[in-house]
Every structure is written in structure tokens, then in C-alpha cells.
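Working notes, beginning with the structure itself.
The values are calculated or read from the model by the stated rules, or taken from the named source; none is laboratory data. On a predicted model such as this, the values are computed, not experimentally measured, just so you know. Here the Cβ positions follow ideal geometry from the backbone for every residue, glycine too, while neighbour counts run over all protein chains shown. These area figures cover heavy atoms from the full protein model, side chains too; ligands, DNA and RNA do not enter into them. Shrake-Rupley method; radii C 1.70, N 1.55, O 1.52, S 1.80 Å.
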Amino acid sequence: MYRAKNNGGGRYCLFSEELAAEHQLKIDTEAALSEAVQRGEFLLALQPQLSFVTGEVSGAEALLRWNHPREGMRSPATFIPIAEQTGIIADIGDWVIAEVASMLAEWHAQGIKRRLAFNVSPRQLDRADFFQRLRATFSDSGVPLSLVELEFTESAAMECSETVLAEIAALRRDGASIAIDDFGTGYSNIARLRTMPLDRVKLDPSLIVDIENSEKARVVVQAVIQLVKGVGGEVVAEAVENVAQADILRAMGCETVQGFVFAQPMFEEEYLSWTRNADRGSRSVA
Ligand code: C2E
Ligand code: MG
Ligand code: MG
Ligand code: MG
């Protein structure tokens, strides 16, 4: 700091104060997140995924929410980045897996056989026993892996080690589904698509934006859909916000849709009654 001051102007000093404040915020948030895990302040919101082919609800994605004691419901964008930087995401991720297992176990007992997907952060994969513990959690709950889907972001999937890749492949052989999330944003190792174990690829929302108005956007999405199907994957369109987009995606051969146009993320009870209604009537997507 001595040098910064001597260099004249408070600029560097101010900068370092900003850095210190940012650092402090990180420490505070990390502590708060760690307490939040212990105090059970997290919840999972479930967003339905619909099949374009049958019009049925094929499953849902579990999305983390933090019911903050003072600030109310916080969305993951406000805390996942810090949770990832500090590594606390691994503990939060453990909670997510336990909660997914417990919901699936309950549904399974009620005869509801609907798949539930959850997001896996690359930091969770740093723990050597991640896959072993994950398997134990589901088998202890009596949940078949066929009801479980793991979502890895494109960049995580493309960068993970051969060891992790082998674990993912084994999990898939044992029945779990593997989805590549946010496809089309990361640095994509396209060559890896030839060997990557995957069932579904979720198009990043940025690919879909303006698809109803832009011919170029449609050309890009059509090519990506062809690529994904060509390697044996199912295409999921995420963040579909209007019927025009949905119609175009269906015509292009996209199989599954997840977006506000059909359903918002909901908490468990609401999700279950929503799916019961969906089962009874509306096949409006097909
Ligand atoms: P994601 O995994 O790509 O999840 C999809 C996001 O798109 C969700 O945001 C969802 O609410 C939102 N979305 C769905 N339909 C629409 C739509 O029609 N329009 C728009 N504008 N958005 C839509 P959310 O719940 O805020 O989650 C944001 C991100 O936070 C997730 O993106 C995921 O990367 C991360 N995340 C959420 N839960 C977890 C978790 O349990 N673990 C980890 N590691 N990350 C999580
Ligand atoms: Mg996801
Ligand atoms: Mg996504
Ligand atoms: Mg994402």
C-alpha cells in the first residue's frame, strides 16, 4: 500500500479497499452459506420437462433456492458463483443429492416414476469419493439410478479427467441419465462428443433467443440439433419463453422442452399437483 500511495492519487488505494471489501463479502457469504446448509435454509424448486413427442411430462430439473432468513428467497445466480469459488458448493451439492434422493424415494413409494435431474458443479468432482457417495446415497434410499439424471455444464463435461469420464460412463451403464447443460456457450471440445457418455444435451438459452426472428439463429440451432442427434443424444431446449419458439424447435426435431412457456420452477407439492393435472389433460405440446 505504501507504494500505491506514493504513486499519487488514491486510485490504487481505493482499488485495494474495493478488493478488501469484495474479499470480506466472499468470507461473509461463505460463512453464511455454510450455516445455511446446517440450518436447512435450502430448497429445491422443480421445473417440469415436457416431451415434444408425446406431450407428457418426462421429468423435472431440481433448481436450488436459498430461503434466506432476512432477504427471503434467493436465486442461485446470487450465490452459486461464490459457493463455487470458495468450494462450499461441494457441501451444498451433497445436500442437493440427499434431497433429490429423498424426494425420489418418496415418489417411488407412491408409484411415481418420473425422472429428476440435478446440477453437478465441477468442484464436486474434485472430491475423489464423489461417485461412490452418490451411488451410496441413492442405493441407501432404494432409488433406482434410472430415475436420476446428472447435469454437467458443457465446460465441466469437456474438461473433466479420464477418470471422471470413466465414472460417468459407469454410472450411465448402471442406469443414470447424463445431460450436458448450457451447450453452446463453453469452449467446446467437439471431438469429445464422439466418446462423451451422454443421453441428453440442453441447448443454452443464448442459442434460442430470437430464434423466431432470425434465420441465422435457426440455422445455428438446426446444426446443433443435427450434431447432438448424430452422436445419439436427445435435444432439450431450455428457457423456451413463447409458443413461436416452441413450434420452431419442435419442427426442427428437438425432443424435450423446459421453459416458462409451459411451466415455472415449483416447490414439491405444487409440482406434484401440476404433474397430476398435466397427466389428466393437456397434451397441448404434442
Ligand atoms: P441451469 O442449470 O441452466 O438451469 C436453468 C435455469 O433457467 C434456471 O434458473 C431456470 O429457472 C431458468 N429458466 C427456465 N425456464 C426459463 C425461461 O423460460 N426463461 C428464462 N429466462 N429462464 C428460464 P435458476 O433456477 O435461476 O438457476 C440458474 C443456474 O444456477 C442453473 O442454470 C445452474 O447452473 C445453477 N444451479 C441451480 N441449482 C443448482 C444446484 O443445485 N447446483 C449447482 N451446482 N448449480 C445450480
Ligand atoms: Mg441445469
Ligand atoms: Mg442450462
Ligand atoms: Mg447453467
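Taking the Cα centre as origin and putting +1 on Lys and Arg beta-carbons and -1 on Asp and Glu beta-carbons, what dipole magnitude results for the range 62-173, to the nearest 20 debye?
About 380 debye.
Roughly how compact is the range 157-286, stated as its Cα Rg over 2.2 N^0.38 Å to two decimals?
The value comes to 1.15.
Taking the Cα centre of the range 168-286 as origin, sum charge times position over the Cβ atoms of Lys and Arg (+1) and Asp and Glu (-1), and report the length of that vector in debye to the nearest 20.
Roughly 540 debye, rounded to the nearest 20.
Going through the range 59-133, which trypsin sites (Lys or Arg not before Pro) have at most 11 other Cβ atoms within 10 Å and a DSSP loop state?
Taking the range 59-133 and a limit of 11 other Cβ atoms within 10 Å, the loop trypsin sites (Lys or Arg not before Pro) found are Arg70.
What does the chain give for Rg and for Dmax, in Å, if only its C-alpha atoms count?
Considering the chain through its Cα atoms, Rg and Dmax are 21.0, 74 Å.
Go from 0 up to the bin containing the longest alpha carbon distance in the range 20-99, width 10 Å each, and give me the % of pairs per bin.
17, 45, 22, 12, 4, 0
Tally up the carbon and sulfur contribution to the accessible surface of the range 75-142 as a whole percent, 1.4 Å probe, everything protein left in place.
50
Please report, in Å, the Rg and the Dmax of the range 60-172, where both are computed over Cα atoms only.
14.6, 43
So with the 1.4 Å probe, I'd like the accessible area per residue for the chain, rounded to whole Å².
Per-residue value: 50 Å².
Measure nothing but the geometry: give the 0 to 90° angle between the long axis through the Cα atoms of 130-140 and the longest principal axis through the Cα atoms of the chain, rounded to 10°.
50
For the chain: lysine pairs with Cα atoms under 26 Å, gap of 8 or more or different chains, count?
Pairs that pass both the separation and distance tests number 6.
For the chain, take the longest principal axis of its alpha carbons; what is the angle in degrees between that and the long axis of helix 162-173, to the nearest 10 within 0 to 90?
Around 30 degrees separate the two axes.
I need the peptides 20-28, 192-200 ranked by packing, meaning the mean over residues of other C-beta atoms within 10 angstrom, with the highest value on top.
Sorting 20-28, 192-200 by mean packing, highest first, produces 192-200, 20-28.
Take the solvent-accessible surface of the protein heavy atoms, probe 1.4 Å, and return the percent of it on the range 153-216 that carbon and sulfur atoms account for.
The C+S portion of the solvent-accessible surface of the range 153-216 is 48 percent.
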